[in-house]
Amino acid sequence: MNTNTICTVSEIELKINNLFSTVNSNEDFPLVYQTAEELKNLCKRNVITDQEVHSYLKSNDASFLENSLIGHSLRKPYGYTGDFEFINKVYDKSITSIPQFQLWDKFIQSLACCTAVRNRRAYFSELVSSLFNDQEKFSILNLASGPARDLLDVYTQTEDSERLYTTCIDMDPEAIKFGKKVNAEYSNQIEFIEKNIFRFQTEEKFDLIWSAGLFDYFDDKTFIRLMKRIKQWIKPGGSIVIGNFNEDNNPSRWVMELFGDWYLHHRTEVQLTNLAIEAGFNRVSVSIGRENQNINLFLTIRA
């Protein structure tokens, strides 16, 4: 690919403006991918910076920021990327009602990373189904529960779900409020706790510790630190399952980073396994699962 086609910030602005005006259908989406790759290559060559692209997008159109998925990701209304509202919109394949931005939302919803996020819901339901047996009580610790729509799936799809009890931890009060509303029918079986996970303490032991999208926000040192903490909360014979984006397979990573300002610590199967071992888990207890696209990996540890 010729990366000399764009050389200045003004030409970058022109390129992005042209995209907003020329994308007319889903068939034009490869052009957006191509531009993302061109811009990212320029960032790698230090011709421009990611921040310059972000700044331009954020200054381009206030209405775009308020009424599109990319705008939501750039604005970070709750202080962080991938917040509960954004994830919930991805779950719903939500498209803005503003006509001029609808194709952009359709483009974002078409990304492989968004499909992988949606796939996490089915993965969680199937996981609980495979572990849930005839014990009197099955307990789940859900770390960074977000919109908790995946949890609602579990409760509505699990036979004898009255034996299922969940503790949800999230530091975002708005996410807690949303999760409670979504799961109101099961409020007697689900406890929501607003707490930074590094300040959470409990004497309870759980059958399953689940985290769909928290650990790939952490560097390796923090990842290991939290794994050591949660190790004390799992029952003998229980399972810990940690989601993480796949370093070897995320074709939409550059779009996430360059257009959405959404940076995650992608990891390989080997890296996840080694982190678990460094946290004190036995190699024989570690395996790696994956959703259908192999974009989200799931570090799985049997206690």
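The values are calculated or read from the model by the stated rules, or taken from the named source; none is laboratory data. Everything numeric here is computed off the predicted structure, so don't read it as measured data. Using ideal geometry, Cβ is built from the backbone for each residue, glycine included, and neighbour counts are taken over all protein chains shown. Remember, those area values only see protein heavy atoms, side chains included, never the ligands or the DNA or RNA. Shrake-Rupley method; radii C 1.70, N 1.55, O 1.52, S 1.80 Å.
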Where in region 26-145 are there helices (runs of 4 or more DSSP H), lying wholly inside it, with at least 3 residues that are within 30 Å of W210 (Cα to Cα) and in contact with a Leu (Cβ under 9 Å, 6 or more places away or on another chain)?
69-75, 84-92, 102-110, 112-131
Flag for Q271 being part of a helix (DSSP H, G or I), over 28 Å from I176 (Cβ atoms) and under 20 Å from the mean Cα position of the chain (by Cα)
yes
Tell me, which residue of region 92-118 that is of a type outside the set (V, I, T) and under 11 Å from the mean Cα position of the chain (by Cα) is surrounded by the most Cβ atoms within 10 Å (Cβ to Cβ)?
A116
Which pairs turn up if I take residues in region 33-49 that are over 13 Å from V255 (Cα atoms) and open to solvent by 80 Å² or more (accessible area, probe 1.4 Å) and look for partners that are of a type in the set (V, I, T) and part of a helix (DSSP H, G or I) with beta carbon separation below 8 Å, at least 6 apart in sequence or on another chain?
R45/T3
From the list T166, T202, which residue is among the hydroxyl-bearing types (S, T, Y), touching a strand residue (DSSP E or B) at 6+ places or on another chain (Cβ under 7 Å), at pLDDT 95 or above and at negative phi?
T166
Flagged in region 274-303 as under 17 Å from the mean Cα position of the chain (by Cα) and not in a loop (DSSP other than H, G, I, E, B), in numbering order, are G289, R290, N296, L297, F298, L299
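Rundown of residues vs (1) of a type in the set (S, T, N, Q); (2) at negative phi; (3) buried (at least 19 other Cβ atoms within 10 Å of the Cβ), yes/no style:
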| site | (1), (2), (3) |
| --- | --- |
| D216 | no, yes, yes |
| I230 | no, yes, yes |
| K235 | no, yes, no |
| I242 | no, yes, yes |
| E247 | no, yes, no |
| V255 | no, yes, yes |
| Y263 | no, yes, no |
| N274 | yes, yes, no |
Among the residues listed as D170, D153, the single one being open to solvent by less than 20 Å² (accessible area, probe 1.4 Å) and in contact with a Ser or Thr (Cβ under 6 Å, 6 or more places away or on another chain):
D170
Return yes or no: is D248 at pLDDT 95 or above, assigned to a helix (DSSP H, G or I) and under 30 Å from S55 (Cα atoms)?
no
Please work out which residue is nearest to the chain's Cα centre (by Cα), limiting yourself to region 180-203 and to residues that are open to solvent by less than 30 Å² (accessible area, probe 1.4 Å) and under 19 Å from Y217 (Cα atoms).
I197
D261 being at pLDDT 95 or above, closer than 30 Å to L39 by Cα and acidic (D, E)
no
When S161 is evaluated against the numbered criteria (1) more than 21 Å from I234 (Cβ to Cβ); (2) surrounded by fewer than 20 Cβ atoms within 10 Å (Cβ to Cβ); (3) at pLDDT 95 or above, which criterion, by number, is the only one it fails?
(3)
For region 96-105, check the following and say yes or no: at least one residue is touching a residue at least 24 places away in the same chain (Cβ under 8 Å) and touching a Gly at 6+ places or on another chain (Cβ under 6 Å).
no
Give the residues of region 42-58 that are among the β-branched types (V, I, T) and over 18 Å from H72 (Cβ atoms), sorted by residue number.
V47, I48, T49
